[in-house]
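Notes to accompany the following structure.
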Amino acid sequence: MKLEEFKNRHAGESVVVCGLGESVANLGTQPRFTTIGVNDIGRLFHPTYLLNVNNRSQYKGDRFQYIENSQAKYLFTHLPGEQGNAQIPIVKIGVTREVGSVEIIDGKLPHFRNSPYMAVALAGYMGARRIGLIGVDFTDNHFWIKDGTHRLVGELDRIDQKYGELAAHLKKQGAEVFNLSPISRLTTLPKMTLEQWNAETA
């Protein structure tokens, strides 16, 4: 399948992008809204869409099995040959040559340092009116393991800036991005509690 088939598929809707920080556990195991999860989010729940932009060799221990066994509706990746025995339909995406861009150019998604950034852009491409971000904390630990300092914490200021730029670009297109994590160290996105999000999504 191709990315173009998903343009405006969720026009006017609310979509939550899920990273792997501890706050994503606040969603529980059965979110009732459309979700785009990354990597091995399947440890917690099966998202509506799964995004994986890493090589299989980058996953240590049991992490890759959660991608192979995902029950998401679709798996988005620019590396279709690296998805092992994944049984769900694969959507091949392109990525922009420029690192840190905010626009989708020639059907290619922008990217910068961590995959939820690309997932936010994907949500915008799908036509989401509201995009929630959770589990993109840049604090210690993943949600399933106490594994210490986030590997990108030294780049936090630049990453924070880029998320703000992406959100500003999407706002011009009619989409608002909210940080649903109470512990996230990102400061450029407006905060909203999960309770508020749930109430306004009803």
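The values are calculated or read from the model by the stated rules, or taken from the named source; none is laboratory data. Keep in mind that what you see is a predicted model, and the values were worked out from it rather than measured. Positions of Cβ are generated from backbone atoms using ideal geometry, with glycine treated the same way; all protein chains shown enter the neighbour counts. Surface accessibility is based on the protein's heavy atoms, side chains included, excluding ligands, DNA and RNA. Shrake-Rupley method; radii C 1.70, N 1.55, O 1.52, S 1.80 Å.
Descriptive notes on the structure:
- For the residue pairs 171/191; 73/108; 2/171; 73/172; 92/171, the alpha carbons lie more than 19 Å apart in 73/108; 2/171; 73/172; 92/171.
- Taken over the Cα atoms of the chain, the convex hull encloses 111 Å³ per residue.
- What a 1.4 Å probe finds exposed on the chain is 45% carbon and sulfur by accessible area, rounded to a whole percent.
- For the range 43-91, trypsin sites (Lys or Arg not before Pro) meeting the loop criterion (DSSP other than H, G, I, E, B) and having at most 11 other Cβ atoms within 10 Å: 60.
- Computed from backbone phi with θ = phi - 60° and the Karplus coefficients 6.51, -1.76 and 1.60, the 3J(HN,Hα) list for the range 113-126 is 6, 9, 5, x, 4, 5, 5, 5, 4, 5, 4, x, 4, 6 Hz; x is used for glycine and proline.
- A DSSP coil position with no more than 14 other Cβ atoms inside 10 Å describes the following trypsin sites (Lys or Arg not before Pro) in the range 130-202: 146, 151.
- Three principal axis extents of the range 145-202 based on alpha-carbon atoms, in descending order, are 36, 26, 14 Å.
- Table column - 3J(HN,Hα) (Hz), the range 127-144, Karplus curve with 6.51, -1.76, 1.60, x for Gly and Pro: x, 4, 8, 10, 10, x, 10, 9, x, 10, 9, 6, 9, 5, 6, 8, 5, 10
- The chain: calculated mean residue ellipticity at 222 nm from DSSP helix runs of at least 4, using -39500 (n - 2.57): -6000 deg cm²/dmol
- Hz values of 3J(HN,Hα) by residue in the range 82-87 - Karplus curve (6.51, -1.76, 1.60), Gly and Pro given as x: 10, 9, x, 9, 3, 9
- Compared with the rule-of-thumb size 2.2 N^0.38 Å for a compact globular protein, the range 96-201 has a Cα radius of gyration ratio of 1.07.
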